[in-house]
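Novice: One structure, pasted below without further comment.
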Amino acid sequence: MSLLTADVGQALNPLLASVAEALRARGQRLCCAESCTGGLIAAACTELAGSSDWFDRGFVTYSNAAKTELLGVPAALIEQHGAVSEPVARAMAEGALVRSAAQWALAVTGIAGPSGGSAEKPVGTVWLAWAYGPLQGAAPTVWAERQCWPGSRQAVRSATLQWALGRLRLGLVELPGSI
């Protein structure tokens, strides 16, 4: 069973090529911290030949314990805000950055469904965060946003993958002076 439709795969090719080119040109690397996508982002990145030049590593932190153990997300933060929240997404991105050799990190945490949603956080809700830290020891620049996508589990995960990489490209290529 394919995790991505042919249409999604076709859309990712130019997007990933653009991300790869921008990272290579800067001599920088990417890491990712994934929950609801379960490694789809890392898999998409490493599908591209030569990705070892610009992709450092991926953390699949599906459980709350994994977010704490592997990324250093405080358990109290998860308890206070829930795993699907802006503070946790930001902490995931920062934690991935600190625990890698990358200058860029992206993180996703969400409710892909078909169950698990609530009135406050319906199925399809995803928090995404990106962190940029060019200097070791310096505080990274972090930004986050919430999206809520309709559709099946596969549709939510695919939309998350495309959005996460698209916004990364925006930070790398289209708005480099804003970071």
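The values are calculated or read from the model by the stated rules, or taken from the named source; none is laboratory data. This one's a predicted model, so the numbers in the text were calculated from it and none came from an experiment. Heads up, the Cβs are rebuilt from the backbone with ideal geometry, glycines too, and the neighbour counts pull from every protein chain shown. Calculation scope for accessible area: heavy atoms of the full protein, side chains included, ligands and nucleic acids excluded. Shrake-Rupley method; radii C 1.70, N 1.55, O 1.52, S 1.80 Å.
Novice: For Cα pairs less than 8 Å apart in space and 6+ apart in sequence, what is the mean separation divided by the residue count of the stretch 66-176, i.e. the relative contact order in percent? Intermediate values should be presented prior to the final figure.
Specialist: Values: 188 pairs, mean separation 23.9, N = 111.
Relative contact order here is 22 percent.
Novice: Please calculate the 1.4 Å probe accessible area of residue 121, with all protein chains present, and give it to the nearest 10 Å².
Specialist: Residue 121 has an accessible surface of roughly 40 Å² with all protein chains in place.
Novice: May I ask for the net charge around residue 30, where only other residues with Cβ less than 12 Å from the Cβ of residue 30 are counted and Lys, Arg are +1 while Asp, Glu are -1? Each step should come with its number before you reach the end.
Specialist: On the way: positive: 24, 26, 29, 57, 169; negative: 53, 56.
Value of the local net charge: +3.
Novice: If Lys and Arg each add +1 and Asp and Glu each add -1, what is the summed charge of the other residues whose beta carbon sits under 13 Å from the beta carbon of residue 111? Display every interim value, and only then the final one.
Specialist: On the way: positive: 121, 146, 153, 157; negative: 120.
In short, +3.
Novice: With a 1.4 Å probe and all protein chains left in place, how much accessible area per residue does the chain have, in Å²?
Specialist: Ligands and nucleic acids excluded, the result is 46 Å² per residue.
Novice: Tell me what the chain gives for mean residue ellipticity at 222 nm when only DSSP H runs of n ≥ 4 count, each as -39,500 (n - 2.57), the sum divided by the residue total, rounded to 500 deg cm²/dmol. Could the numbers behind the result be given before it?
Specialist: Numbers: 6 runs with 74 residues, N = 179.
About -13000 deg cm²/dmol.
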